[in-house]
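Student: Before I ask anything, let me first share the structure, which is written out below as structure tokens.
The values are calculated or read from the model by the stated rules, or taken from the named source; none is laboratory data. Remember, it's a predicted structure, so these values are computed and weren't measured experimentally. Heads up, the Cβs are rebuilt from the backbone with ideal geometry, glycines too, and the neighbour counts pull from every protein chain shown.
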Amino acid sequence: MATKKVQLPGSERQPIGTKVGEIPPDEMIEISVILKPMARAAVPPAGGASMSRQEFAAKHGADPSTIAKVQAFAKEYGLTVSETAAERRTVKLEGTFDNMRRAFGVQMERYSHEGQAYRARTGSIQVPQDMAASLEAVLGLDDRPQAKPHFRVLGELSNGKVSGAKSKRLRPQPPARVLCRNEVGLHPAT
């Protein structure tokens, strides 16, 4: 059942770093296919009526026919559906690198950047034409870090003393004190 494939809009990628090798064809990969909602949720007016989670999922979740298409697509390419969540509009698929590569028409290789090795893809993701309009994203084909932490761990200074917040954690703390009801503003029951 080979269907015509088209580019998933916005999926074009170019790796950063240096190519360091191939990905083994039997390496297991888990991805998330994010589906478009049946209807976009409008921002409710302040003080407007609320909606239960079940009502929201029924109105703004993924279309069951789209989920069925993704499941059939997965089966066609030897991928396993590991989770389906219509309310989150997500279908998780698992499979080998080789099956993912064939299913989504991507080129992937192992790269390294700033001491971090990762799996990266080149080009765009290809999906069946009859599914393309119902998909928002395919996440997880590459595992490149998407954010860089901007924090510093405080440690010992060059003179051997401990700095800043770490020194506060190392100081002995007074024992916890149990407050009685009067001390926290509660009045005794009468």
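Student: Among the candidates 48, 61, which residue alone is of a type in the set (Gly, Ala, Ser) and over 25 Å from residue 133 (Cβ atoms)?
Tutor: From the options 48, 61, the qualifying one is 48.
Student: Still on this structure, please answer the following. Filter the range 31-56 down to the residues that are exposed (fewer than 14 other Cβ atoms within 10 Å of the Cβ) and touching a Lys or Arg at 6+ places or on another chain (Cβ under 9 Å), then identify the one that is farthest from residue 95 (Cα to Cα).
Tutor: 41
Student: Now a separate question. Looking at the range 83-117 only, could you name the residues that are touching a Lys or Arg at 6+ places or on another chain (Cβ under 6 Å), without any contact (Cβ under 8 Å) to a residue 60 or more places away in the chain and surrounded by 14 or more Cβ atoms within 10 Å (Cβ to Cβ)?
Tutor: 106
Student: Can you work out which of the residues in the range 1-18 that are closer than 23 Å to residue 147 by Cβ and among the charged types (D, E, K, R) is surrounded by the most Cβ atoms within 10 Å (Cβ to Cβ)?
Tutor: The residue in question is 13.
Student: Follow-up question, since we're still on this one. Out of the residues in the range 121-142 that are charged (D, E, K, R) and surrounded by fewer than 17 Cβ atoms within 10 Å (Cβ to Cβ), which is modelled with the lowest pLDDT?
Tutor: Looking at the filtered set, the residue picked out is 130.
Student: Restricting attention to the range 2-19, does a residue exist that is among the hydrophobic types (A, V, I, L, M, F, W, C) and modelled with pLDDT of 90 or more?
Tutor: Yes, because at least one residue in the range 2-19 is among the hydrophobic types (A, V, I, L, M, F, W, C) and modelled with pLDDT of 90 or more.
Student: Report yes if residue 61 is among the small types (Gly, Ala, Ser), surrounded by 15 or more Cβ atoms within 10 Å (Cβ to Cβ) and touching a residue at least 60 places away in the same chain (Cβ under 8 Å), otherwise no.
Tutor: no
Student: Quick one: how many residues across the range 85-96 are farther than 15 Å from residue 137 by Cβ and at pLDDT below 95?
Tutor: 2
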